[in-house]
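Only one structure is covered here, and it is reproduced in the block below.
The values are calculated or read from the model by the stated rules, or taken from the named source; none is laboratory data. Because the structure is a prediction, the values reported are computed rather than measured. Positions of Cβ are backbone-derived with ideal geometry, glycine not excepted, and every protein chain shown enters the neighbour counts.
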Amino acid sequence: MTLRRHPIVVLAHKELSTFLNTPATYVIFVLFLVLMGWFYASPLFSIGQSSLDTFLKPLPLILTFLIPALTMRSFAEEFKGGTMEYLSTLPLRDYEIVIGKYVAVMGLLIILLAFTLAYPLTLLLVGRPDPGQLIGGYIAAFSLGALFAAIGLWASSLTRNQVVAFIIGFFVCFILYLVDRAADFMPGILSETLRWASVNTHYDAFSRGVLDSRDVLYWASGIVFFLMAALSVVHSKRWK
Amino acid sequence: MIEAQSLTKTYGVTRALKGVSFSIQPGEVVGLLGPNGAGKTTLLKILTGYLPPTEGSARVANLDVLTQSLDVRRRIGYLPETNPLYEELAVYESLLWTARLRGMEKNETESALRHVIGVCGLGSVVGKDIAHLSKGFRQRVGLAQAILHDPEILILDEPTSGLDPNQQAEVRQLIQTLKQKKTVLLSTHILSEAQSSCDRVFIIHEGQIVADGTPQSLSSQFAGVHKLIVTLKGPEASVQTTLGSLPGVTRVSVERKTSTEISLSLELAPGADVREQVFDVAKSNGWPILHLAEETISLEDVFRQLTLTPEVKA
């Protein structure tokens, strides 16, 4: 079977075209770009540095709610409309359904981040930014989005209500974003654990341009964990 | 083609299926008949591999529905009871994605799409969004998706529910054209549908198959009592006693009466035929017969007999 006809690719293609035919997607895109543009550009000339920091710093917080907003319908809508029964009785394996949907969200994330390439381009015009830091920043942003998307997909698999899916997704992403703030008040080992669990630690390391295998492991294991969780939820719905 | 071995399905404490076993031969059109909540949909969902059975096993096209689910799904065309469709897609897109998700070749897809659009009469709506379709057209889209890959086996869960009589006839007609080369298992609670379009009928009640046979054999098998309905002109009391005294008549009851005519129902002993005697008696007493009809038991009566619980009957 050619790659083009692989069920995961076909499903991802279908999901992506559904996303791009949904007005909500564009609302989220515009909201994201307006917010990011303002955060990025307004302090840029006052601090006088040619770096992406003003884009990368607020990004995690923005993504904690924008990514769950994109993914909230993925499974919830299928459960609500009964179309999960259609998908599940096609010759598709459950994991192909989960990964197909995930790949579609990744496609969306790439499109979303591609729009922001205007920021580094303007930096290249007006100053001399560090290319390593630019590339690292984008890898960090993509990794963060990829993890949040896995969380959002899992949240969506839990319920048939999109609003509930959004709230669960946002809540989990937000906790992962916040936990390192609590680390300062905790004793030794617990403090380190919380710092390790926080997305900020790994996001900051990446966005400085430092690609450490431990950070890669964090993102990868987080994504795998939540996709597996989504898979087992989808799977277990039938065994009840 | 389809075999079930003591299938049992339990949802929490309710037992939806209680040890259902049957075997369906290739080319048969089988109707699954039963009141709402009898377990029809559960049974069909198990056969399509959507729900796992709690106990028992099922084989479709000689493949186990649990362990060889993917191969089973390739051979089945399934129309779920709720007929779930992607509202935001146009009819053509919906069919196209179904073909792609089923892994059909590009050249094969085109001819298959043209075929089902023709067979299901979707030509006038191919470009419309599914959200804007009438119920009849939605049902046809669901059916088109089910037969798109030309499956050997069709499992249709209430294919005519919610349709008006014309649309029901169209869908039945469609099933008739499909049955020439396919095995069809359909569920319904419309008796005339089972009677007209199925070779064989299972009556399912409270999770068990309570009757299995051709519509005709079921009717005769359960025809314990048959009746003669007589409408004539005459004095009620004497008509009733005279007809009641005929040999072979076990009971007489007045169905309906007006000032001039009276309608009686004569319950007959098995094998008795009293039509001539009724005529003779009526003639000798000068009571003109206006209507005389034998009432044969229909599938509907069999169904009611089998699926009404005693409390409801009383």
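Quick notes on this structure:
- Residue tally, condition more than 30 Å from A:Lys80 (Cβ to Cβ) and crowded, with 19+ Cβ neighbours inside 10 Å, over the range A:153-190: 1
One line per residue, one yes/no per condition, for (1) free of Cβ contacts under 8 Å to residues at least 60 places away in the same chain; (2) among the charged types (D, E, K, R); (3) out of contact with any helix residue (DSSP H, G or I) (no Cβ under 9 Å at 6 or more places or on another chain):
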site: A:Ala183; (1), (2), (3): yes, no, no
site: A:Ile189; (1), (2), (3): yes, no, yes
site: A:Leu194; (1), (2), (3): yes, no, no
site: A:Tyr218; (1), (2), (3): yes, no, no
site: A:His235; (1), (2), (3): no, no, no
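- Considering the range B:44-71, and only residues there that are within 24 Å of the chain's Cα centre (by Cα) and either among the polar types (S, T, N, Q) or within 9 Å of chain A (Cβ to nearest Cβ) (or both), the residue that is surrounded by the fewest Cβ atoms within 10 Å (Cβ to Cβ) turns out to be B:Tyr50.
- Residue check, B:Val20 of a type in the set (Val, Ile, Thr) and either part of a strand (DSSP E or B) or touching a helix residue (DSSP H, G or I) at 6+ places or on another chain (Cβ under 6 Å) (or both): yes
- Considering the range A:1-16, the residues that are more than 9 Å from chain B (Cβ to nearest Cβ) and of a type in the set (D, E, K, R) include one that is farthest from B:Glu93 (Cα to Cα), namely A:Arg4.
- Options B:Arg172, B:Arg140; residue that is in contact with a Leu (Cβ under 8 Å, 6 or more places away or on another chain), in a helix (DSSP H, G or I) and away from chain A (no Cβ under 14 Å): B:Arg140
- Every residue from the range B:124-149 that is charged (D, E, K, R) and touching a residue at least 40 places away in the same chain (Cβ under 8 Å): B:Asp129, B:Arg138
- Qualifying residue in the range B:200-212 (condition: farther than 16 Å from B:Gln305 by Cα, in contact (Cβ under 8 Å) with a residue 40 or more places away in the chain and among the polar types (S, T, N, Q)): no
- Residue in the range B:177-195 that is part of a helix (DSSP H, G or I), within 21 Å of A:Thr89 (Cβ to Cβ) and away from every other protein chain (no Cβ under 14 Å) present: yes
- Criterion applied to B:Pro52, B:Pro84 was being in contact with a Gly (Cβ under 6 Å, 6 or more places away or on another chain), of a type outside the set (Gly, Ala, Ser), free of Cβ contacts under 8 Å to residues at least 60 places away in the same chain and under 21 Å from B:Leu186 (Cα atoms), and the one residue passing it is B:Pro84.
- Any hit, the range A:129-138, residues being touching a Gly at 6+ places or on another chain (Cβ under 9 Å) and of a type in the set (D, E, K, R): yes
- Exclusive hit being among the hydroxyl-bearing types (Ser, Thr, Tyr), surrounded by fewer than 22 Cβ atoms within 10 Å (Cβ to Cβ) and more than 14 Å from chain B (Cβ to nearest Cβ), set A:Thr71, A:Thr116: A:Thr116
- Of the residues examined, B:Ser94 is one that is under 29 Å from the mean Cα position of the chain (by Cα), under 24 Å from A:Thr2 (Cα atoms) and among the small types (Gly, Ala, Ser).
- B:Val91, sole failed condition from (1) without any contact (Cβ under 8 Å) to a residue 24 or more places away in the chain; (2) closer than 20 Å to A:Gly81 by Cα; (3) of a type in the set (Val, Ile, Thr): (1)
- Subset tally (residues that are assigned to a strand (DSSP E or B) and not charged (D, E, K, R)) for the range B:23-60: 11
- Residue count for the range B:122-166 satisfying the condition of being among the charged types (D, E, K, R), closer than 22 Å to B:Leu191 by Cα and modelled with pLDDT of 90 or more: 1.
- Check on A:Ala146, at pLDDT 95 or above and within 20 Å of A:Lys57 (Cα to Cα): yes
- Unique match (being more than 9 Å from chain A (Cβ to nearest Cβ), outside any helix (DSSP H, G or I) and either surrounded by fewer than 19 Cβ atoms within 10 Å (Cβ to Cβ) or free of Cβ contacts under 8 Å to residues at least 40 places away in the same chain (or both)) among B:Gly77, B:Gly121: B:Gly121
- Counting the residues of the range B:86-117 that are facing chain A (nearest Cβ under 7 Å) and within 17 Å of A:Leu90 (Cβ to Cβ) gives 6.
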